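The values are calculated or read from the model by the stated rules, or taken from the named source; none is laboratory data. Quick caveat, the model's predicted, so the values are computed rather than measured. Every residue, glycine as well, gets a Cβ built from its backbone with ideal geometry; the counts of neighbours run over all protein chains shown. To get the accessible areas, we keep the full protein, side chains included, count just its heavy atoms, and leave off ligands, DNA and RNA. Shrake-Rupley method; radii C 1.70, N 1.55, O 1.52, S 1.80 Å.
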Amino acid sequence: MNAKKKITAICGSTKAGSTNLSFIKAIGEIVADTIELDIFTGLAELPHFNPDLDTENSPAAVTAFRDRLRSSDGILICTPEYAMGVPGSLKNAIDWTVSSCEFSHKPTALITASSVGQKGHAALLETLYIIEAKIPQELQLLIPYAQTKISKENKITDAATLKEVNGLIEAFEKIIHHDE
């Protein structure tokens, strides 16, 4: 494969010690030789979505977020489920991209790592589909009971989960290299 591709990884949790951030860091180590993983943890810095501010002069944090996504070859979202849905801060960030289309036809992987996660995962998939993210089945992964499957040192400790994550990474790399 050619030069390293850049994937922007969005952590759907604003918690500093989030399990989802641990999964992103674990993936970063797995792909270090082939992928540049740009970890975005700035959900809390994005203002509440307001269509009146969604102009050519959008807030600086929004412009920087959009630029990061636009400059990447793919997007990885790793998120928990909150109250049977998508975390509000993650949905807010995605709302800022609807009119500017950063997700449109962009290879996107979704990992929902939560206690259960099924409803939040399904809801976020619907949002990603409507904004035309390129998210085939092999780039979708639900990791229930996620806290029990990763160490504090950001190592995936569950063999079946590690195999699934590696499968997602392999499929993601094929897709982003195929789009060259």
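Contact annotation: residue pairs with Cβ atoms under 8 Å, 6 or more positions apart or on different chains, pairing a residue in segment 35-61 that is assigned to a loop (DSSP other than H, G, I, E, B) with a partner that is of a type in the set (K, R), are S58/R66. Say whether the condition of being on the phi < 0 side of the Ramachandran plot, of a type in the set (D, E) and modelled with pLDDT of 95 or more is met by at least one residue in segment 55-65. Among the residues of segment 55-65, not one is on the phi < 0 side of the Ramachandran plot, of a type in the set (D, E) and modelled with pLDDT of 95 or more, which makes the answer no.
Inspect all residues belonging to segment 122-139 and state whether any of them is under 20 Å from T19 (Cβ atoms) and not in a helix (DSSP H, G or I). No, segment 122-139 contains no residue that is under 20 Å from T19 (Cβ atoms) and not in a helix (DSSP H, G or I).
Within segment 143-161, residues that are within 9 Å of T19 (Cα to Cα) sit with their Cβ atoms under 9 Å from residues that are open to solvent by 100 Å² or more (accessible area, probe 1.4 Å) and not aliphatic (A, V, I, L, M), at 6+ positions apart or across chains, in these pairs: N154/E29. I'd like the residue in segment 91-136 that is farther than 15 Å from I75 by Cβ and of a type in the set (A, V, I, L, M, F, W, C) and, out of all such residues, is surrounded by the fewest Cβ atoms within 10 Å (Cβ to Cβ). Residue satisfying both the conditions and the ranking: I130. Here T8 passes the criteria (1) of a type in the set (V, I, T); (2) more than 17 Å from A93 (Cα to Cα); (3) in contact with a helix residue (DSSP H, G or I) (Cβ under 6 Å, 6 or more places away or on another chain) except the one numbered (2).
Checking each residue in segment 11-33 for being over 25 Å from N92 (Cα atoms), open to solvent by 60 Å² or more (accessible area, probe 1.4 Å) and either part of a strand (DSSP E or B) or touching a residue at least 12 places away in the same chain (Cβ under 8 Å) (or both) picks out E29, I30.
When the residues of segment 55-90 are filtered to those that are of a type in the set (S, T, Y) and under 16 Å from T127 (Cβ atoms), which remaining residue is surrounded by the fewest Cβ atoms within 10 Å (Cβ to Cβ)? Give the steps one after another, and end with the answer.
To start, the set of residues in segment 55-90 that are of a type in the set (S, T, Y) comprises 55, 58, 63, 71-72, 79, 82, 89.
From what is left, the residues that are under 16 Å from T127 (Cβ atoms) are 79, 82, 89.
Numbers: T79: 27, Y82: 16, S89: 19.
Result: Y82.
Figure legend. Inter-residue proximity from segment 111-123: first residues within 13 Å of S13 (Cβ to Cβ), second residues among the aromatic types (F, W, Y), beta-carbon distance below 6 Å, spacing 6+ or different chains. Indicated pairs: A113/F23. Here is the figure for segment 64-93: residues that are within 22 Å of K5 (Cα to Cα) and not in a strand (DSSP E or B) total 10.
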